[in-house]
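Student: Pasting a structure below so you can have a look.
The values are calculated or read from the model by the stated rules, or taken from the named source; none is laboratory data. Here the structure is a predicted model, which means the values were calculated and not measured. Virtual Cβ from ideal backbone geometry, glycine too; neighbours counted across all protein chains shown. Accessible surface areas use protein heavy atoms only, side chains included; no ligands, DNA or RNA. Shrake-Rupley method; radii C 1.70, N 1.55, O 1.52, S 1.80 Å.
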Amino acid sequence: MPQGTPFHGFIPPFPIRVDQFDTSRTLVAVPALHLLSHTHSDHILGLAAKSFASTIICSHDAKQMLLRHEGYIERVLRDVDLRDEARLAKTFGHLKIPPFVKDGKLDFSASRDLLRALPLHTPTKIELTDNVNVTLTLFDANHCPGSVMFLVEGAQGAVLHTGDFRAEPWFLDYVRRSPFLQPYLALPEVPERAMLVHEQHKDSGTSSFRTLDAIYLDTECLLLMNEVPTKSDATQGLVSLMSLFPPETTFFINAWTWGYEEIFRAVARSFRSQIHVDRYKHNIYSHLADPFLPSLITLDPSKTRFHACERFNRCIKASGDGVVYVNPVAMSKSRWDQYLALTESKLRAAQPVTILLVPLSRHSPFQELRAFVSLFRPVRIVPNSLDPSLHGFDALCIPHLFSNCLSSPTSQISSSFDEALVEHDIVVSDDRSDVALQNLVGDGADGTVRAWAVSGRTVDKLTAMEPYLSGTARDMVRRMLG
């Protein structure tokens, strides 16, 4: 998990660890089970260690992506024919070892498969210990290929772990319609008289409605308070700008990590063209459960003017002559509307544009998080990650951010965070924590992004938190903000 993961990745009350596979002397328990929500690098720390030998529950696509993962050096050596397929080092090959032939027979003595892929929307009973079982159900997380949420149910209660997710409006409908999540949806408000009748008769039968003990929530963009465009609005706006360029224009789509495939779909559909990808991406996409995505990509760079190949070894000239670079960033909806209008005006006036931005957010901002949590009204919220640079201030404000989204006014996040005292002043700087801003391509991209995108500056986060803090914590934040 990202830095600052509470409980070292465990999800109390269960002895289950999520997206954290490293060993540490500070661990107070041995995980009875490991869960993997998706395969982004900050969620698989420790998994490359050859000593790792525990079973991991994940999705089918996450398993395929792990087993086919190649480090950058290995990819380069393979692409220039200095490494054949048989000798290609797979980063996570030790997680699945096939049987070998010995004396003409298959020998399974050293074989293993630590990755147990479960289908979505299929409750599965898992034995944690001799007398403790849980039921796991996986749901799409709308983040990247293979990403899932986990519903964990057992005698100790029930929790929902979102992993990294994007709770757009369509996603909320997806949640509402799930028969496996419906028992945990918050009941509508009822008149006081009806509630009295309910209290009198609630013990007369078994209730079909339950309350989640906790939601382990993706808090990556917790402090982004502005509305952001939906993925559909972002990609449709992008292709509308791309259509204003001359028809011979070459585009490089900076899909520097998994999760930007919606751009491929929108471009392929709008321009009736495939997207050129490198051998490694093609291999990954061709082994996912999605049967449509492989039809949108090609290994032949001459067949298309749309490219999303290896950005450090792209097929188009590094000089960028005649190339327009498309960079995904985080941007508010209002800024996106302004950017669209201004960029369209420039293109219609035949002014040069070599950088295009697309606000394809893969994490939910604050308002989407509130809408998602309000669907369930759980007992407590636990952040999946905390920003280490904020020294616990983000943990302190979470109960206030979600105060009227929980099952009762007194509901809090875990007591481990309720009284977290900030011992260090925060250094207010112009740092940009969004990793997308560290992976831009194209001359002038940095200046364009600074003008339009969300910066992730510490000062912006402090400003967002200040209304939700009280006492000493608020005083400290106000002092740092001047």
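Student: Any residue in the range 38-67 that is free of Cβ contacts under 8 Å to residues at least 60 places away in the same chain and over 18 Å from residue 147 (Cα atoms) sitting within a Cβ distance under 8 Å of a residue that is aromatic (Phe, Trp, Tyr) and surrounded by fewer than 24 Cβ atoms within 10 Å (Cβ to Cβ)? List the pairs, counting only those 6 or more apart or interchain.
Tutor: Hits for this filter: 46/21; 46/52; 48/92; 49/21.
Student: So in the range 324-370, with the set limited to residues that are of a type in the set (A, V, I, L, M) and more than 19 Å from residue 235 (Cα to Cα), which one is surrounded by the fewest Cβ atoms within 10 Å (Cβ to Cβ)? Lay out the reasoning, then the answer.
Tutor: So in the range 324-370, the residues of a type in the set (A, V, I, L, M) come out as 324, 326, 329-331, 340-342, 347, 349-350, 353, 355-358, 360, 369.
With the extra rule that they be more than 19 Å from residue 235 (Cα to Cα), the set shrinks to 349-350, 369.
Values: 349: 7, 350: 9, 369: 26.
Per the criteria, the residue is 349.
Student: So if I check each of 180, 108, 100, which one is at pLDDT 95 or above, among the hydrophobic types (A, V, I, L, M, F, W, C), open to solvent by 20 Å² or more (accessible area, probe 1.4 Å) and more than 18 Å from the chain's Cα centre (by Cα)? Working first, answer last.
Tutor: Values: 108 fails: at pLDDT 95 or above; 100 fails: at pLDDT 95 or above.
From the options 180, 108, 100, the qualifying one is 180.
Student: Follow-up question, since we're still on this one. Which of (1) open to solvent by 70 Å² or more (accessible area, probe 1.4 Å); (2) outside any helix (DSSP H, G or I); (3) not β-branched (Val, Ile, Thr) is the odd one out, the single condition residue 46 does not satisfy?
Tutor: With respect to (1) open to solvent by 70 Å² or more (accessible area, probe 1.4 Å); (2) outside any helix (DSSP H, G or I); (3) not β-branched (Val, Ile, Thr), residue 46 is out only on (1).
Student: Name every residue in the range 450-470 that is of a type in the set (Asp, Glu) and out of contact with any helix residue (DSSP H, G or I) (no Cβ under 8 Å at 6 or more places or on another chain), in order of residue number.
Tutor: Filtering the range 450-470 for residues of a type in the set (Asp, Glu) gives 460, 466.
Of everything in the range 450-470, just one residue is of a type in the set (Asp, Glu) and out of contact with any helix residue (DSSP H, G or I) (no Cβ under 8 Å at 6 or more places or on another chain), namely 460.
Student: While we're on this one: Every residue in the range 99-117 that is in contact with a helix residue (DSSP H, G or I) (Cβ under 8 Å, 6 or more places away or on another chain) and either acidic (Asp, Glu) or not in a strand (DSSP E or B) (or both), please.
Tutor: Within the range 99-117, 113, 114 qualify.
Student: Now for a separate question. Sort out which residues of the range 54-78 are surrounded by fewer than 16 Cβ atoms within 10 Å (Cβ to Cβ) and either part of a loop (DSSP other than H, G, I, E, B) or in contact with a Lys or Arg (Cβ under 6 Å, 6 or more places away or on another chain) (or both), and write them in order of number.
Tutor: 54, 55, 71
Student: So which of 409, 365 ends up being at pLDDT below 90 and within 30 Å of residue 174 (Cα to Cα)? Quick ask: steps written out before the conclusion?
Tutor: On the way: 365 fails: at pLDDT below 90.
Within the list 409, 365, the selection yields 409.
Student: Then there's this: Can you name the residue in the range 430-482 that is free of Cβ contacts under 8 Å to residues at least 60 places away in the same chain and among the polar types (S, T, N, Q) and is also surrounded by the fewest Cβ atoms within 10 Å (Cβ to Cβ) among such residues?
Tutor: Result: 438.
Student: Could you list, in sequence order, all residues of the range 111-129 that are under 14 Å from residue 154 (Cα atoms), exposed (fewer than 12 other Cβ atoms within 10 Å of the Cβ) and without any contact (Cβ under 8 Å) to a residue 40 or more places away in the chain?
Tutor: If we filter the range 111-129 for residues that are under 14 Å from residue 154 (Cα atoms), which is where we start, we get 123-129.
Then keep just the ones that are exposed (fewer than 12 other Cβ atoms within 10 Å of the Cβ); that gives 125, 127, 129.
Once the filter is applied, which keeps residues that are under 14 Å from residue 154 (Cα atoms), exposed (fewer than 12 other Cβ atoms within 10 Å of the Cβ) and without any contact (Cβ under 8 Å) to a residue 40 or more places away in the chain, the range 111-129 yields 125, 127.
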